[in-house]
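Shown next, in structure tokens, is the structure this report addresses.
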Amino acid sequence: MSEELERRKCVIIGSGPAGYTAAIYAARADMEPLVYTGMQPGGQLTITTEVDNYPGYPDGVNGPQMMEDLRKQAERFGTEVRYELVTEVDFTGPVHKVIINDKTVLADSVIIATGASAKWLGLESEQRLNGFGVSACAVCDGFFYKGQEVVIVGAGDTAAEEASYLAKLCSKVTMLVRRDEMRASKAMQHRVMNTPNIEILFNHETVEILGDKGVEGVKAKNNATGEEITIPCTGFFVAIGHKPNTDIFKGWLDMDETGYLKVTPGSSKTKIPGVFASGDAADKVYRQAVTAAGTGCMAALDAERYLADIGIH
Ligand SMILES: Cc1cc2nc3c(=O)[nH]c(=O)nc-3n(C[C@H](O)[C@H](O)[C@H](O)COP(=O)(O)OP(=O)(O)OC[C@H]3O[C@@H](n4cnc5c(N)ncnc54)[C@H](O)[C@@H]3O)c2cc1C
């Protein structure tokens, strides 16, 4: 005789700002949500020090603290949090399957909030100084370097966009581009090249980020001549791309060419009824905690209406 499977009204995959905000709304709507945290409970903000741009914290907040607050708020209304990784899904439906290794949970609605991961260069000094001068988000951390000199690595549209953003705040922005040209659109290239306080160093790669407790400079190498230079700076921004954590949804949901989930514009609805997507996993444009929280809220409201429509209360 087959074992009866656990069935939940709402399963939320991911525990960043999107997942926990969805959980707060779903729990308060009596959907008894179950959150799977994945390998990074609390999400990306748990690897940052200061979050200064999330509304409601006038003095800023430590990233891990903020995520702990969000978890407690979700649990206060009855959210169940499991510290496990979802390994597979089956959206053949109408009831969806969320699979954790050899265990299957049935879900009337699923909210995806699996986020995205910034790509890093892979240097020891980059890891050691992460959050202490090294950042992958100019919009998040640029303000801390107001009036100072910074270095940014990258050659695509996002790197060009972030360099322009930093140039408005910082006294000088040095952009390290690995090849002899940028990948960014012509318009974006034109913008950075015509910004007086942005200097682009083509054919340059980062060798090491210098500093003990904070960034003091960057050692870079010209890969055409072999010459090494040291660039003094207090901030080092990595803008070489992000990877959405959406591999387990391949074949089930529509994605763009880089793996970002597609939703019906103005909603969190995917092409599968009862499956909703929120946060960075479905947003390659804004990638902020507050926008992730906002779309997490949308996903819970969409799920709640979906359940009501199919008669699940
Ligand atoms: C260093 C750093 C500093 C930042 N600073 C700021 C800032 O100051 N202000 C700001 O607004 N934004 C900041 N951001 C961006 C912000 O962190 C993200 O926009 C936000 O966290 C996205 O939220 P999310 O909920 O979509 O996903 P994430 O925070 O990425 O969380 C994704 C969650 O999904 C889980 N997960 C993934 N796969 C699975 C799976 N298979 N099963 C179960 N769970 C899974 C992960 O474990 C994680 O809990 C920063 C980002 C970084 C990296």
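The values are calculated or read from the model by the stated rules, or taken from the named source; none is laboratory data. Not measured: the values here are computed from a predicted model. Here the Cβ positions follow ideal geometry from the backbone for every residue, glycine too, while neighbour counts run over all protein chains shown. Side chains included, ligands, DNA and RNA excluded: accessible areas come from the protein's heavy atoms. Shrake-Rupley method; radii C 1.70, N 1.55, O 1.52, S 1.80 Å.
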How tilted is helix 289-309 with respect to the longest principal axis of the chain? Cα atoms for both, answer in degrees (0 to 90, nearest 10).
20
Return the percentage of antiparallel bridges among DSSP beta bridges fully within the chain, rounded to the nearest 5 %.
45
I need the calculated FRET efficiency for the pair Lys262 and Met39, taking r as the beta carbon distance and R₀ as 30 Å, to the nearest 0.05.
0.75
Any lysines whose Cα falls less than 27 Å from that of Lys119, other than same-chain ones fewer than 8 residues away, would be Lys146, Lys168, Lys172, Lys186, Lys213, Lys219, Lys221, Lys243, Lys250, Lys262, Lys284
Estimated 222 nm signal from helices in the chain, with DSSP H stretches of n ≥ 4 weighted -39500 (n - 2.57), rounded to 500
-7500 deg cm²/dmol
Here the cysteines of the chain lacking a cysteine partner under 4.7 Å (Cβ to Cβ) are Cys10, Cys170, Cys233, Cys297
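Contour minus end-to-end for Leu85 and Lys284, with contour as 0.36 nm per residue of separation and end-to-end as the Cα-Cα distance? Walk me through the numbers on the way to the answer.
Working: separation 199, 0.36 × 199 = 71.64 nm, distance 2.30 nm.
Here the answer is 69.3 nm.
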With the crude spin-label approximation of a point 7 Å out along Cα→Cβ, what separation in nm comes out for Glu208 versus Asp59?
3.8
For Ser164 and Lys103, compute 0.36 nm times the residue count separating them, minus their Cα-Cα distance, and round to one decimal in nm.
17.2 nm
What list of ³J(HN,Hα) couplings, whole Hz, do you get for the range 81-92 from phi and the Karplus terms 6.51, -1.76, 1.60, once you set θ to phi - 60° and write x for glycine and proline?
10, 10, 8, 9, 9, 6, 9, 7, 9, 9, 9, 4
So the carbon and sulfur contribution to the accessible area of the chain, 1.4 Å probe, in percent, is 51
Search the structure for amide H atoms under 5 Å from the amide H of Val134, placed 1.01 Å from N in the peptide plane, and list their residues when 5 or more places away or on another chain.
Phe236
Say we join alpha carbon atoms closer than 10 Å with springs in a Gaussian network model of the chain; which of Ala167, Ala277, Ala184 then has the biggest fluctuation?
Ala184
For Gly211, the residues 5 or more places away or on another chain with a placed amide H closer than 5 Å to its own amide H are Glu216
DSSP beta bridge pairing in the range 120-238, given as percent antiparallel to the nearest 5
40
How large is ³J(HN,Hα), in whole Hz, for each residue of the range 257-263 in order, when computed from phi with the Karplus curve 6.51 cos²θ - 1.76 cosθ + 1.60 and θ = phi - 60°, using x for Gly and Pro?
5, 9, x, 6, 6, 9, 10
Label point distance in nm, Glu227-Asn197, each placed 7 Å from Cα along Cα→Cβ:
2.6
Exposed-loop-free span, longest in the chain, where GluC sites (Glu not before Pro) count as exposed if DSSP calls them loop and at most 12 other C-beta atoms lie within 10 Å
5-180
Förster radius 45 Å - calculated FRET efficiency between Val139 and Glu32, Cβ distance, rounded to 0.05:
0.80
For Lys146, what accessible area in Å² do you get when you roll a 1.4 Å probe over the heavy atoms of the protein chains, rounding to the nearest 10?
120
Probe of 1.4 angstrom, ligands and nucleic acids ignored: what's the accessible area per residue over the chain, in square angstrom?
49
Restricted to Cα positions, what overall size does the chain have along the principal axes? Three whole-Å values, descending.
70, 39, 35
In the Gaussian network model of the chain, springs joining C-alpha atoms below 10 Å, which of Tyr145, Tyr165, Tyr57 carries the largest mean-square fluctuation?
Tyr57
Can you work out ³J(HN,Hα) from phi for every residue in the range 47-63, in order, using Karplus 6.51 cos²θ - 1.76 cosθ + 1.60 and θ = phi - 60°, giving whole Hz and x for Gly and Pro?
9, 10, 8, 9, 10, 10, 10, 8, x, x, 10, x, 9, x, 8, 5, x
Run the 1.4 Å probe and let me know the accessible area of Val139, rounded to the nearest 10 Å².
70
Between Ile200 and residues 5 or more places away or on another chain, the pairs with built amide H atoms under 5 Å apart involve Met175
